Amino acid sequence: MKIKSAEFEISAVRPVQWPSDGLVEFAFVGRSNVGKSSLLNKLLGRKSLARVSQKPGKTQQINFFRINDRFRFADLPGYGYAAVSKSERAKFAKMLETYLTTREPLLRVFQLVDIRHSPMPMDVETYRWMKSIGLEVSVIATKSDKVGRSQIAKAVREIRIAMDGPEFIIPVSSEKGEGILELWSHIEDLMGA
Ligand code: GDP
């Protein structure tokens, strides 16, 4: 996809602040440090539109990006960062739940997992919960450059088994650019382009 425009619009917590013009939206979720900001920057061809986090778990807001005036990315805060307090975590879980259960223009959730490790219980629980409320979820296996080419298929199989068979698991490397075109065509397909 040709990116003609990509604008950061707003960092928001409260639903009243969320953009409300109805453009279709893709949400990105995953554990802190999974490579979410790097992937967003790579997808949008911008060095630091989505800040590559120095302090994992710091960003506790939803960041909205408007692309080509046609669709939106919502960057949801990373989950599972140990160093935040219980009440912070509860607040965060509530925000994620509110977003995922009420966001009408949400077309698909992209859940990021690190290709090097089996999905953690929290990844699996989040995935199952999203499916149980009727969301469509594609899994993105990040940092594919960190495993050998021959290991990618095996890692994808393991993720598929651990997460009860998501239809789409797309390996990507923001560092090397692998899988980025595949992810864009998936996004195009989902929009019916
Ligand atoms: P976030 O917390 O999910 O937004 O993760 P970041 O994008 O900040 O990335 C976390 C760390 O992983 C950083 O040190 C990145 O440089 C590194 N990283 C992210 N994507 C890749 C990738 O595709 N390959 C490699 N080798 N490292 C990556």
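The values are calculated or read from the model by the stated rules, or taken from the named source; none is laboratory data. Keep in mind that this is a model prediction, so the values were computed, not measured. Neighbour counts run over all protein chains shown; Cβ positions are idealised from the backbone, glycine included.
Odds and ends about this structure:
- Residue pairs whose Cβ atoms lie under 8 Å apart, sitting 6 or more positions apart in sequence or on different chains, and linking a residue in the stretch 87-101 that is under 13 Å from Met130 (Cβ atoms) to a partner that is part of a helix (DSSP H, G or I) and at pLDDT 80 or above, are Tyr99/Pro15; Leu100/Met130.
- Conditions (1) farther than 20 Å from Leu107 by Cβ; (2) modelled with pLDDT of 90 or more; (3) away from the ligand (no atom under 13 Å from the Cβ); (4) among the small types (Gly, Ala, Ser); number of the one not met by Ser38: (3)
- Test: residue in the stretch 67-77 that is of a type in the set (D, E, K, R), within 14 Å of the ligand (Cβ to nearest atom) and under 28 Å from Ser11 (Cα atoms): yes
- Pick from the stretch 41-66, criterion crowded, with 19+ Cβ neighbours inside 10 Å and aliphatic (A, V, I, L, M), ranking: modelled with the highest pLDDT: Leu43
- Spans of strands (runs of 3 or more DSSP E) in the stretch 84-193 with at least 1 residues more than 16 Å from the ligand (Cβ to nearest atom) and either under 18 Å from Ser32 (Cβ atoms) or charged (D, E, K, R) (or both): 106-114
- Meets criteria (over 15 Å from the mean Cα position of the chain (by Cα) and in contact (Cβ under 8 Å) with a residue 60 or more places away in the chain) for Met163: no
- Contact map, the stretch 2-29: first residue in contact (Cβ under 8 Å) with a residue 40 or more places away in the chain, second residue in a strand (DSSP E or B) and small (Gly, Ala, Ser), Cβ cut-off under 8 Å, separation 6 or more or different chains; pairs are Trp18/Ala12; Glu25/Ala74; Phe26/Ala74; Ala27/Ala74; Phe28/Ala74.
- Screening the candidates Gly165, Gly192, Gly177 for the property of being of a type in the set (Gly, Ala, Ser), on the phi > 0 side of the Ramachandran plot and modelled with pLDDT of 95 or more yields one hit, Gly177.
- Matching option when the condition is more than 17 Å from the chain's Cα centre (by Cα) and not aromatic (Phe, Trp, Tyr), among Arg103, Arg149: Arg149
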